[in-house]
Amino acid sequence: MLVTLEGLDGSGKTTVWERLRADDAVPPDAVFTREPTDSWYGDAVQRSIDDDDADSLAELFLYTADHAAHLSDTVRPALSEDRLVVSDRYSDSRFAYQGATLASSDRFDDPLQFVREVHAPWTRPPDRTVYLDVDPETAARRSGATNKFETAEYLADVRDNYERLIRDDPERFVRVDATADPDTVYERVRAVLE
Ligand SMILES: Nc1ncnc2c1ncn2[C@@H]1O[C@H](COP(=O)(O)OP(=O)(O)O)[C@@H](O)[C@H]1O
Ligand SMILES: Cc1cn([C@H]2C[C@H](O)[C@@H](COP(=O)(O)OP(=O)(O)O)O2)c(=O)[nH]c1=O
């Protein structure tokens with residue numbers, strides 16, 4: 001089973017992911033993974049994140065290349081062994097973030113849909129996605145605004161895109177109010193996964 005954690009920067013995904021990894025109730029052979037990955041593809045993505053002038057379409061394909069490698073070297077092998085896979089960010093991050101970045105360039109009528117179509121023929125959709133819901137101001141404050149994506153203005157567009165993804169696939173997404181304290185948020189996520 002493939003479970004993904006999604007949400008704005010600073011929504012608390014990594015905090016939840018680390019606590020799950022240390023939780024005795026989680027099967028010991030579960031695979032904890034993330035995007036961007038720590039492979040050289042992920043390093044290329046990191047370079048693009050750090051470049052304020054990166055071309056938004058080129059950036060989409062860097063993230064997408066990282067996803068393709070992540071699928072073939074980690075996600076599909078683990079799923080074929082019936083292991084639980086928990087990924088801190090996955091394809092919905094591309095739909096929401098690059099959907100928002102590409103919107104400023106007028107290159108596509110519906111950038112989010114374009115990004116979905118780029119993935120559709122070959123990706124493996126998650127079975128469940130926990131969406132950690134926080135407002136853009138909280139997200140920008142918690143994340144410390146350390147990269148070009150972490151402004152409340154941009155994150156508001158990203159959040160609108162996540163809302164559209166949830167509307168389009170309500171069975172897969174589980175929304176968790178992530179404005180509460182870390183213990184409460186963790187218990188909420190744990191209850192969903194149980
Ligand atoms: N529920 C929470 N309430 C307040 N602060 C939180 C909460 N969850 C995480 N944080 C803090 O917010 C920052 C970003 O958390 P992190 O888990 O890295 O978020 P993400 O992976 O979604 O960017 C960290 O300093 C973390 O300690
Ligand atoms: C996986 C992914 C991340 N991102 C962005 C979100 C983050 O601002 C940045 C790095 O991701 P990440 O390291 O998960 O950041 P955080 O822990 O703060 O949420 O890359 C995309 O724009 N598209 C993607 O497909």
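Find the Cα radius of gyration of segment 2-193, compare it with 2.2 N^0.38 Å by division, and give the number to two decimals.
Ratio of Rg to 2.2 N^0.38 Å for segment 2-193: 0.98.
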³J(HN,Hα), Karplus 6.51/-1.76/1.60, whole Hz, each residue of segment 116-132, x for Gly, Pro: 4, 5, 4, 8, 3, x, 9, 7, 10, x, x, 7, 9, 10, 8, 9, 7
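Run the helix sum for the chain: -39,500 (n - 2.57) per DSSP H stretch of 4+ residues, divided by residue count, reported at 222 nm to the nearest 500 deg cm²/dmol. Don't jump to the answer; show the numbers that get you there.
Numbers: 9 runs with 90 residues, N = 194.
-13500 deg cm²/dmol, from helical runs alone.
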In range of the label at Arg164: residues from segment 70-110 whose backbone nitrogen is under 20 Å from the point 7 Å along Cα→Cβ: 90-110
Computed label-point distance, nm, for sites Ser39 and Met1 using a 7 Å Cα→Cβ extension: 2.6
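Whole number please: convex hull volume per residue of the Cα set in segment 3-99, in Å³?
Convex hull volume per residue, Cα atoms: 96 Å³.
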Given charges at Cβ of Lys, Arg, Asp, Glu: the chain dipole, positive-most of Val85, Ile166, Ser143: Val85
Counted charge near Lys13, where neighbours are those whose Cβ lies closer than 12 Å (Asp, Glu -1; Lys, Arg +1): -3
Cβ charges +1 (Lys, Arg) and -1 (Asp, Glu), total dipole of the chain, debye: 380
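No lab work stands behind these numbers, since they all come straight from the coordinates. Keep in mind the model is a prediction, meaning the values are calculated, not measured. FYI the Cβ positions are ideal-geometry reconstructions off the backbone, even for glycines, and counts take in every protein chain you see.
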